[in-house]
Amino acid sequence: MSAPIANSIRSTPWPGTHSDEQASLSLEGRSVELPVVVGSEGEKALDISRLRTGTGFITLDEGYVNTGSTTSGITFLNGEEGILRYRGYPIEELAARCDFIEVAYLLIYGELPKKPELDAFRHSLSNHSMIHEDMRSFYNGFPRDAHPMAIVGSVVGALSTFYQDSLDVRDPKQVEVSVHRLLAKLPTIAAYSYKKSIGQPLIYPRNDRSYCENFLEMMFAVPCEEYEIDPDFAKALEMLLIVHADHEQNCSTSTVRMVGSSDANLFASISAGVSALWGPLHGGANQACVQMLEQIVADGGDVKKYVELAKKKGSGFRLMGFGHRVYKNYDPRATLIKATCDKLLAKIDRNDPLFDIAQQLEEVARADEYFIERKLYPNVDFYSGVIYRAMGIPEQMFTVLFAMGRLPGWIAHWMEMHQSPTKRICRPRQIYSGETCRKFVPLDQR
Ligand code: CMC
């Protein structure tokens, strides 16, 4: 491990303020005062931590639509106005002025790095980018056509078998080593999963490349010729990773926090996050969206037909890359991605029919009463696949790129949770709705 990057990871969570306001709740003759907690952007919550002891009741909130699981000082998201900020900095500014590593540092350590801090961070990540030679043999055990997300989840989990010297969640030094190892090795793990699937030799990382250049080289270089990195592709990749880097308490981040709350080590927690991200309602939507666009093109390009199908209850079809639990406005990440998509396709002089279809689909859906009423807009996954295609990245790798982007956010949340003085194991309750106590029936009488 090189010199420490910062004295300690200093992202202590902001607890929110208990205001003078409070709600009173009376139930079956018992009552409880529910304090109001106010966030730094004025968001309000009822603190129900004394609800059960005070009334005997719990809350029920399927899908956590109304439930704040924590206070957090990492990312601010205002879905009504389409605002996204990491540590207070607007995403648009970070995407224009930083590279991914600088943003990763910001998310994890809580502040933008000074030059020596950033240099040391980059240096450390370069030095940890190789994976243990024995781990390469894992790749031979997976079927050739295995989905790379399955491989990435498994190999990330397996890091805890090879790097047992950094698993103690209570030792800040070990945590920092694990953080650097994970960030450094994930592109290598990801690129190897692709190389394996196409039967090409695995390409080692190079310390003289930037994070994104290195990933492109490990994906596309072959040992028999020089690989020339397209700087515009590397720049687009920086932007894509930055806009994916955090999104507060989404499904995979909540999973990472949930698993980490049991004091499971960082590698195990992140591996669980990779699995949660894979689903098509979450990160897997980027692959599903491009597959949907391909289907529309193959079917003659009638976007109206597919918009009608998405509106039909029971059709089982949704517009992938559309809609969001929190955004009820244009997803600011989609705006940034669409603009880069325009530029990149113009540069490579490629007229991708999928981009045309995506734009037509957006136009038709956004003019439709069903989508207007429900405030359904394109989300981060709507245009990202089109850029990945332009860069030559295969569909199966799209969600892996999402995972590479989201990694600093997962790490930041895992650490924030561990640093919280109020941390407890996450253990929701339930309302049991099964059979009440019944008499056991022996096997020969059933
Ligand atoms: N196409 C058609 N109708 C939709 C869509 C869609 N993509 N999304 C939501 N709706 C409808 C839904 O049928 C429901 O209608 P009604 O009120 O008549 O029952 C209403 O809009 C509210 O939808 P919901 O499913 O209750 O909303 P949710 O917050 O539970 O789900 C979502 C959010 C993102 C899972 C959902 O919008 C969806 O399935 N979108 C498509 C998949 C997708 O693009 N996922 C990526 C999300 S962004 C990146 C990430 O976080 O990973």
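The values are calculated or read from the model by the stated rules, or taken from the named source; none is laboratory data. Note that the structure is a prediction, hence the values are computed from the model and not measured. No Cβ is skipped: glycine too gets one built from the backbone with ideal geometry, and neighbour counts run over all protein chains shown. We work out accessible area using only protein heavy atoms, side chains counted, and drop any ligands, DNA or RNA first. Shrake-Rupley method; radii C 1.70, N 1.55, O 1.52, S 1.80 Å.
Evaluate the range 76-87: report whether one residue or more is in contact with a Ser or Thr (Cβ under 7 Å, 6 or more places away or on another chain), crowded, with 19+ Cβ neighbours inside 10 Å, under 19 Å from residue 242 (Cβ atoms) and hydroxyl-bearing (Ser, Thr, Tyr).
yes
Hey, any hits in the range 40-59 for a residue that's over 25 Å from residue 421 (Cβ atoms), of a type outside the set (Gly, Ala, Ser) and more than 27 Å from the chain's Cα centre (by Cα)?
yes
Residue 96 passes all but one of (1) open to solvent by less than 20 Å² (accessible area, probe 1.4 Å); (2) part of a helix (DSSP H, G or I); (3) away from the ligand (no atom under 16 Å from the Cβ); which number fails?
The one condition residue 96 does not meet is (1).
Can you tell me which of 275, 210, 269 is open to solvent by 20 Å² or more (accessible area, probe 1.4 Å), more than 16 Å from the ligand (Cβ to nearest atom) and among the small types (Gly, Ala, Ser)?
210
State which residue pairs qualify: first residue outside any helix (DSSP H, G or I) and inside the range 233-253, second residue within 10 Å of the ligand (Cβ to nearest atom) and open to solvent by less than 20 Å² (accessible area, probe 1.4 Å) in any location, beta carbons under 8 Å apart, and separation of 6 or more residues or different chains.
Listed by first residue and then by second, the contacts come to 245/406; 246/253; 246/406; 247/253; 247/406.
Could you check the range 103-129 and list, in sequence order, the residues that are open to solvent by 40 Å² or more (accessible area, probe 1.4 Å) and not in a loop (DSSP other than H, G, I, E, B)?
115, 116, 119, 122, 123, 127
Only one of these is open to solvent by 60 Å² or more (accessible area, probe 1.4 Å) and within 15 Å of the ligand (Cβ to nearest atom): 431, 372. Name it.
It is 372.
Does residue 292 satisfy the criteria of being away from the ligand (no atom under 16 Å from the Cβ) and modelled with pLDDT of 95 or more? Give the derivation first.
On the way: away from the ligand (no atom under 16 Å from the Cβ): no; modelled with pLDDT of 95 or more: yes.
Spelling it out, it is not the case that residue 292 is away from the ligand (no atom under 16 Å from the Cβ) and modelled with pLDDT of 95 or more.
Which one of the conditions (1) touching a Pro at 6+ places or on another chain (Cβ under 8 Å); (2) open to solvent by 60 Å² or more (accessible area, probe 1.4 Å) does residue 288 fail to meet, given that it meets all the rest?
Looking at each condition in turn, residue 288 falls short on (2).
If residue 256 satisfies all but one of (1) over 25 Å from residue 339 (Cα atoms); (2) open to solvent by 30 Å² or more (accessible area, probe 1.4 Å), what's the number of the condition it fails?
(2)
Tell me which residues, restricted to the range 308-324, are within 9 Å of the ligand (Cβ to nearest atom) and surrounded by 15 or more Cβ atoms within 10 Å (Cβ to Cβ).
Listed by number, the residues that qualify are 310, 311, 318, 319, 320, 321, 322, 323, 324.
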